[in-house]
């Protein structure tokens, strides 16, 4: 029948439709009965392949490389370089999300890729750097602390992905993994740069305490300010620029001391806010977002 030839067309509902013949009806001499329009076989058209956004995922890849580089440097006993690489990963990780929002290139692939990169750079890398540097002197207690930190980082990232759109965006639920990694790496960098007595008996236990504190803080319900309410595209007062300039001067004067002190203060701030809310009868954890999705 001519209606089933490859080159023939049939108009259905005002649209020209290319019809593909049934395979069993292509036999020579086969007699083909008329078929209603509802019984026509529609040819499957494979959807076009979807690509990924280059710019934000390039920053995520750079952050992943910095975390992997930190692990390699820890294996080479260059712990100060490893700590600096973790800080570099933290900066790059903060840029990929903002670049994606500014350029409107958010995607589900980018969210998953960012979580896997964070697990490497802020979960595995700090734990291995701290363990190779000093925790291994404690024997089983050392690797237990490193494993607890690594596990808490994984749990924190999984909970963050599950609670997107549920919790208040102004606050993180628990210490964010980049800040926890900065707390661990900052202590390593501070001790090496200031030549603290690493081989003293008390030093490994200080590292043990900091590692456990950073790890367990990631899985608490303490609210830590996220900074997402700060829009860099809005105008600010002149005093804010002066404050930023002073911050740059303080950090550049002694980066290990300044950065470690900065993240120690941030790691404590969530518990302070949690206690202040409890004293005033407010909700202690992260406030739930309203049903309309607003902050």
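Let me confirm something: among 71, 52, 84, which residue is in a loop (DSSP other than H, G, I, E, B) and in contact with a helix residue (DSSP H, G or I) (Cβ under 8 Å, 6 or more places away or on another chain)? The conditions single out 52.
Evaluated against (1) part of a loop (DSSP other than H, G, I, E, B); (2) more than 17 Å from residue 124 (Cα to Cα), residue 77 falls short on exactly one condition, (2).
Yes or no, residue by residue, for (1) surrounded by 14 or more Cβ atoms within 10 Å (Cβ to Cβ); (2) modelled with pLDDT of 90 or more; (3) assigned by TED's automatic domain parsing to the domain that holds residue 123; (4) within 20 Å of the chain's Cα centre (by Cα):
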| site | (1), (2), (3), (4) |
| --- | --- |
| 216 | yes, yes, yes, yes |
| 220 | yes, yes, yes, yes |
| 224 | yes, yes, yes, yes |
| 231 | no, no, yes, yes |
| 236 | no, no, yes, no |
| 243 | no, no, yes, no |
| 257 | yes, yes, yes, no |
| 287 | yes, no, no, no |
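Put simply, of 63, 88, 100 the only residue that is surrounded by fewer than 22 Cβ atoms within 10 Å (Cβ to Cβ) and under 14 Å from the mean Cα position of the chain (by Cα) is 100. Annotation: residue 157 fulfils all but one of (1) surrounded by 15 or more Cβ atoms within 10 Å (Cβ to Cβ); (2) at pLDDT 95 or above; the unmet one is (2). Checking region 140-154 against the condition returns a match, with at least one residue being farther than 29 Å from residue 199 by Cα, assigned to a helix (DSSP H, G or I) and under 15 Å from the mean Cα position of the chain (by Cα). Of the listed requirements (1) closer than 28 Å to residue 84 by Cβ; (2) modelled with pLDDT under 85; (3) surrounded by 11 or more Cβ atoms within 10 Å (Cβ to Cβ), residue 266 misses just one: (2). Would you mind finding the one in 181, 207, 191 that is over 26 Å from residue 274 (Cβ atoms) and modelled with pLDDT of 90 or more? 191 is the lone residue from the list that is over 26 Å from residue 274 (Cβ atoms) and modelled with pLDDT of 90 or more.
The values are calculated or read from the model by the stated rules, or taken from the named source; none is laboratory data. Because the structure is a prediction, the values reported are computed rather than measured. All Cβ positions, glycine included, derive from the backbone under ideal geometry; neighbour counts span all protein chains shown.
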